[in-house]
Each structure stands twice: as structure tokens, then as C-alpha cells.
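Engineer: The structure is given below, and queries will be raised subsequently.
Since every read-out is calculated from the coordinates, none of them should be taken as a lab result. Since we're looking at a predicted model, the values are computed, not measured. Note: ideal-geometry Cβ built from the backbone for every residue, glycine included; neighbour counts use all protein chains shown.
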């Protein structure tokens, strides 16, 4: 099963998207390559829309004009004073500057298909920094495609600005990483067999009912141990990490038995998974708490 692990959310809640490149400010390419500049306004609008549609920014502002002359060939890094002034005027906490975007096509490739590469360079600025170097963070995004002919290239090119925008903002948004989880199963146990079917169907509530009944009623301590561990997974799936940790404590307690003399002895149940899962849940709890800030 693959429940989500949440990455920490950014604390910045407003962004101003600005265009800071001209058709001349492009990456260096091979002499045989053809450079096709992306339209600055199109790329800028798609990036602003991507920020807005993601729902993590309370305010997204688009600056209409270029920050320097469109025929300029020099890269322009904003000074601290420029950043402070723009953030104040736009009422934003961060500037997302697009420095260049272009396509490079190599028609002289020796293969039937020919490479089409899309490039995007952006800089991130935040106000009230002491130096230019501490203000600007540059990211480069590259998309690589192969096209067979001019018609196929013509169909792909209009999609490039939107694809670049999605790739560009992904590092600044919360994301979910898939992680593998395991649970106990025994084909000789009816409750564990039924629960496995429910899990495959995504019916976690029904699976939890089977595990809970097994935990409450089974006379075999090993099955109760398995049920407690599996219930910890169920509670993680519902984001109740505290309940999941309590179930792991129950599972660990069931890995031993008390003799008539009151001595605790192991019943040969391996608790390695229990301890490993406990550390995973503790880390996940920290990440979930960041989303509540």
C-alpha cells in the first residue's frame, strides 16, 4: 500500500510573477541548432496560473511589463532596492522572475527522430536581503523531446509553455511521495484473508473491522499481534498518527507473554517491523504538523 508522505509547505503566501528576458537572452546552443524563443507573456501567464491553480498562494500578481529593454542581451539580476520596491508595490512576499525560455531544435541529428529541447531559467527574489547573492536563487528546467518531422514539432511547440510552467513551480509546492507499506497476512486466518481483499479494494474501514475483531477475539497471540500492527497502518491511512503509534505499542506488548510465575517471555515474534514503522510514523507526524502552521 502506498499512503502519502507530505512534504513541508512553503511559508510564503504571495508571489509576483515577472518577465525579465528578451528573445536575445537565450542559452548557448550548437551552431547547427535552431533557436526558437518562447513567448515571454505566454510563459509568464502559465506560471502565474500554475501558482494560482495549486491553491497554496493566497495572492498571485502578474507584472505586465519587462524589467529591462526587450532588445537587451545582458542578464539582469535585480538589486536589493529593486526587489524591495517591487515587492512593496505589488504587495507580495516573493518575486518569481523568468530570465529566459526557449526551444532548441537540431535538424542535423543523425537519427530518424530529432531532439527538441525546451529550456527555462527562473530566479527567486525575496525582500530585505543584505546582498544580491543572498537574494537570487536560480533554477533551470529542461524538457527533452524527440520529433520525427516538422508537423510533429508544430503540434508539440504550443504545449511547451504550459509544460515548462508546471515543471518550474513544482519545487515550491507541497508534494506527496509514495512509500511502500507492508501488513501481515495469513491465508489460514479468515479475518486476515478478508481484510486483504478489502485493502485491495481500497475499503480501509472494512479491513479495519476485520483486524479489530481479530485483535479482540482471537485466542492466538500471534494473530492478535498481526492485527494490532495492521491497525496501525489503518490509522496512518486516516492521518491519526497518535492512534497508529498506540497500536504499535499494543503489537509490541503482544510479542511477549506472561508465564504463571509472572515472567515475560518472547513468543518468537519478530518486532523489527514494529520498530522500523514506529520511526517512519514519528517522521510523518512531524511533516503533518508543518501543514497545520
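Engineer: Take residue 256 and residue 79, extend 7 Å from each Cα along the Cα→Cβ direction, and tell me the distance between the two endpoints in nm.
Structural biologist: Between residue 256 and residue 79, the simple spin-label model gives 7.0 nm.
Engineer: What is the order of 146, 211, fewest Cβ neighbours within 10 Å to most?
Structural biologist: Going from sparsest to densest Cβ surroundings: 146, 211.
Engineer: Now, a different point. Can you put 104, 169, 160, 77 in order, fewest other beta carbons within 10 Å first?
Structural biologist: Arranged by neighbour count, lowest to highest, 104, 169, 160, 77 become 77, 104, 160, 169.
Engineer: Which value, to two decimals, describes the C-alpha radius of gyration of region 190-290 once divided by 2.2 N^0.38 Å?
Structural biologist: Region 190-290 yields a ratio of 1.13.
Engineer: Can I ask one more? What order do you get for 99, 239 when you list them from fewest to most C-beta neighbours inside 10 Å?
Structural biologist: Final ranking by Cβ density, sparse to dense: 239, 99.
Engineer: Between residue 113 and residue 193, with labels modelled 7 Å along Cα→Cβ, what's the label distance in nm to one decimal, could you check?
Structural biologist: Label-label distance for residue 113 and residue 193, simple model: 4.8 nm.
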